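Peer 1: Below is a structure I'd like to ask you about.
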Amino acid sequence: MQTEKVLISKKEAANLLSLSVRSVEYLIQFRELPSRRIGRRVLIPRQALEQFARRDHRTKPSKKQKQMTTALGEKEESNDYSER
């Protein structure tokens with residue numbers, strides 16, 4: 001009898017979702033995918049991964065994501081040349 005893992009690694013999650021590990025890290029960072037830290041490992045609950053795979057996803061960044069990237073110092077480029 002083979003039992004399924006309750007928590008899976010980022011690499012395993014990426015393989016199951018057909019995404020890169022970095023994409024899974026972004027999903028965790030923006031709280032689209034819950035995770036658990038055990039020591040140095042970051043693990044994702046299998047049930048949360050399955051729920052994520054079943055739901056629809058945004059194509060544009062949310063307001064919160066825009067605020068986070070702005071807060072991190074990434075500024076939007078403007079085409080306003082009058083400041084030069």
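The values are calculated or read from the model by the stated rules, or taken from the named source; none is laboratory data. The model shown is predicted, which means the values in this text are computed figures rather than measured ones. All Cβ positions, even for glycine, are placed from backbone atoms using ideal geometry, and neighbour counts span all protein chains on display.
Condition check ((1) touching a strand residue (DSSP E or B) at 6+ places or on another chain (Cβ under 8 Å); (2) hydroxyl-bearing (Ser, Thr, Tyr); (3) exposed (fewer than 10 other Cβ atoms within 10 Å of the Cβ); (4) at pLDDT 95 or above) across all residues:
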| site | (1), (2), (3), (4) |
| --- | --- |
| 18 | no, yes, yes, no |
| 21 | no, no, no, yes |
| 24 | yes, no, no, yes |
| 35 | yes, yes, no, yes |
| 45 | yes, no, no, yes |
| 51 | no, no, no, no |
| 55 | no, no, yes, no |
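Peer 1: Separate question: Of all the residues that make up the range 1-12, how many are in contact (Cβ under 8 Å) with a residue 40 or more places away in the chain and surrounded by 15 or more Cβ atoms within 10 Å (Cβ to Cβ)? Break it down stepwise before answering.
Peer 2: In the first step, residues of the range 1-12 are kept if they are in contact (Cβ under 8 Å) with a residue 40 or more places away in the chain; the result is 4-6, 8.
Cutting the leftovers down to surrounded by 15 or more Cβ atoms within 10 Å (Cβ to Cβ) gives us 8.
The total comes to 1.
Peer 1: Do we find a residue being free of Cβ contacts under 8 Å to residues at least 40 places away in the same chain, in contact with a Leu (Cβ under 6 Å, 6 or more places away or on another chain) and either under 22 Å from residue 66 (Cβ atoms) or not in a helix (DSSP H, G or I) (or both) anywhere in the range 13-26?
Peer 2: Step one: of the range 13-26, the residues free of Cβ contacts under 8 Å to residues at least 40 places away in the same chain are 13-26.
Okay, now just the ones that are also in contact with a Leu (Cβ under 6 Å, 6 or more places away or on another chain), so 13.
Next, only the ones that are either under 22 Å from residue 66 (Cβ atoms) or not in a helix (DSSP H, G or I) (or both) stay: none.
No, because not a single residue in the range 13-26 is free of Cβ contacts under 8 Å to residues at least 40 places away in the same chain, in contact with a Leu (Cβ under 6 Å, 6 or more places away or on another chain) and either under 22 Å from residue 66 (Cβ atoms) or not in a helix (DSSP H, G or I) (or both).
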